[in-house]
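A.B. asks: Here you go, one structure.
The values are calculated or read from the model by the stated rules, or taken from the named source; none is laboratory data. These numbers were taken from a predicted model, which means no experiment stands behind them. Note that we place each Cβ from the backbone using ideal geometry, even for glycine, and neighbour counts take in every protein chain shown.
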C-alpha cells in the first residue's frame, strides 16, 4: 500500500504542467489565495512544513498530518496580507482514535470596498464594489500502519467580485512516513488543489446592443452575454523531509526542508528550523522560495508559547511569525490553537 501511494505521487509529480520545461506559467491560474501559507508555526519555519505538521494547520499543508494528532484541536489564523488585504483561516480536527481523524476548514480573503471607476468618471461613480475569496473543506486521515498515514480533503472554492462569481471543487491528498533514519526522520508529500477550472459569470457580463443591422427587428436593446474564459486552479506538489538534529530532556532542535513544484511557476525550496525548550517555548526561523526567480524576500522568524489551562484540560498555543516580503509589505501572522 505504501509503494502504491508513493508511486501515485511520483506519477502526479511527473505529470504536472511545466515539469520538463524551463518556462514559468505565473499569472495563468486562479484561486491563488489557496497558496497563501497558513499558520504562524509553519510560516516561522519558512513553509518547510509538509513533513512537520503537528497541529490543525495540517489541513492546509498535508492532510495526512491530522492522523497523528491524537486529540481534538481548533486553530485560528489571521494575517495582515499585502496591500491591506486580510487573510483568515480556521480549522477544527476531531480525533476518532483508531478510526483516524476528520477535519473542517474555512479560508477567507477579504478587502475593503473599492470605488467603481470609469473612463468618464475616474474619481468614482458614487458606487462601491466588493471582492473576496472563500474555501470550505472536509478532510479525513488515518494511519495504514504504525508509521504510514494518508489523508484526503474535498473542498469548495469560490471567488467573487461585485456581481460576478466563480466556483470550483478540488481535492487535496497527502502522506507521511516515519523512518528509522536519523532518530525518526519523517517524509511527507502532498498534492493540493487538484480540481475543476473556474469561470466567472454574473450580471456584469450582460450587455445590450445591436447584433445585425441586416436583420429585421434588430435594435439597441438586444440582450447579450460575454462568455468569460476558464482558468485552472494552482495545482501544487510538495515533498519534504524533517528530523531532530538534537534532543535531550529540556531542548529539542528540528530541521526541515521542502521541495515545491507548482503548476504555474518555477520549482523552489523551503527550509526551516525550530528550537523547543521544555515543550513550552519555541523559536523558529526559515527561508522560503529559495532558487525561485523573481521571488520577493523569503526570510521569516517566529515564536510560540504552549500554555496549559489550570481550570480545564485545554492546552493553548500562541504563535507569531514575521515574513519578509522584499519590496512588498512585510507580513505578520498570528495563530491561536486549542487542544482538548
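A.B. asks: Taking region 232-256, which residues are within 17 Å of the chain's Cα centre (by Cα) and either over 19 Å from residue 58 (Cα atoms) or part of a strand (DSSP E or B) (or both)?
C.D. replies: 232, 233, 236, 237, 238, 239, 240
A.B. asks: May I pose another question? Does residue 333 qualify as being touching a helix residue (DSSP H, G or I) at 6+ places or on another chain (Cβ under 9 Å), over 14 Å from residue 45 (Cα atoms) and in contact (Cβ under 8 Å) with a residue 24 or more places away in the chain?
C.D. replies: Criteria not met by residue 333.
A.B. asks: With surrounded by 19 or more Cβ atoms within 10 Å (Cβ to Cβ) and modelled with pLDDT of 90 or more as the only criterion, which of 240, 202 stands out?
C.D. replies: 240
A.B. asks: Return yes when residue 87 is under 15 Å from the mean Cα position of the chain (by Cα) and either under 20 Å from residue 160 (Cα atoms) or buried (at least 21 other Cβ atoms within 10 Å of the Cβ) (or both) and no when it is not.
C.D. replies: yes
A.B. asks: Determine whether region 301-311 contains at least one residue that is in contact (Cβ under 8 Å) with a residue 24 or more places away in the chain, assigned to a loop (DSSP other than H, G, I, E, B) and more than 16 Å from residue 48 (Cα to Cα).
C.D. replies: no
A.B. asks: I would also like to ask the following. So which of 207, 216 ends up being over 24 Å from residue 62 (Cβ atoms), part of a strand (DSSP E or B) and over 27 Å from the mean Cα position of the chain (by Cα)?
C.D. replies: Being over 24 Å from residue 62 (Cβ atoms), part of a strand (DSSP E or B) and over 27 Å from the mean Cα position of the chain (by Cα) holds for just one of 207, 216, which is 207.
A.B. asks: Give the number of residues within region 219-231 that are touching a residue at least 12 places away in the same chain (Cβ under 8 Å) and part of a loop (DSSP other than H, G, I, E, B).
C.D. replies: 6
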